[in-house]
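Right, one structure below, let's go through it.
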């Protein structure tokens, strides 16, 4: 798959931007004692931002609201890269086709001007594709590659800027 320099890059939050070290926690991530950015995300966001791309957080997180998500991002120095944050608390939608369509409509953009990046194939790639968005599956856990007309696979975030034409 070739993605021709999308203007908007949508990122999943948990295990794509920041490690979800406590997936069953009922406490917002901003309140965790320790939070960690995923290896390579700061550099990738920096390169994309420097290349004029607009980065958006598109998460299925239901416990944290937008301010809490931004607070957690600030703890690892990443909040400045995200122009907008979409989550269950401010959309009322679980991550799926309607969630992505809501984001596109809210931003007033066509699907082909954006790409979704995430670590869960079904929610971040298949659902985004069904909404018309190209997507990148971030798979740091195995050598598995899934590619198609509307999606590609990367195994490290260092690969992302080059794939998106922001090398």
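Computed from the coordinates by the stated procedures, all read-outs in this text should not be read as laboratory data. Source: prediction; values computed, not measured.
Which one of 145, 125, 38 has the biggest mean-square fluctuation once the chain is modelled by GNM with Cα springs under 10 Å?
It is 145.
Which of 77, 14, 96 moves the most in a Gaussian network model of the chain with Cα springs under 10 Å?
Of the options given, 77 has the highest mean-square fluctuation.
Select from 15, 106, 98 the residue whose mean-square fluctuation is largest in a Gaussian network model of the chain (Cα-Cα springs shorter than 10 Å).
Per the Cα network of the chain with a 10 Å cutoff, 106 tops the list.
Just from its helices, what would the mean residue ellipticity at 222 nm be for the chain, if runs of 4 or more DSSP H residues each count -39500 (n - 2.57) and the sum is divided by every residue, rounded to the nearest 500 deg cm²/dmol?
-6500 deg cm²/dmol
Once you wrap a convex hull around the alpha carbon atoms of the stretch 1-76, what is its projected area averaged over all directions, in nm²? Write down the numbers at each step before the final one.
Working: hull surface 22.8 nm².
The number I arrive at for the stretch 1-76 is 5.7 nm².
Take the Cα atoms of the chain, build their convex hull, and give its volume per residue in Å³. Write down the numbers at each step before the final one.
Working: hull volume 16.8 nm³, N = 167.
Hull volume normalised by residue count: 100 Å³.
From the convex hull of the Cα coordinates of the stretch 47-101, what is the mean projected area in square nanometres?
On the way: hull surface 16.4 nm².
Over every viewing direction, the Cα hull of the stretch 47-101 projects on average to 4.1 nm².
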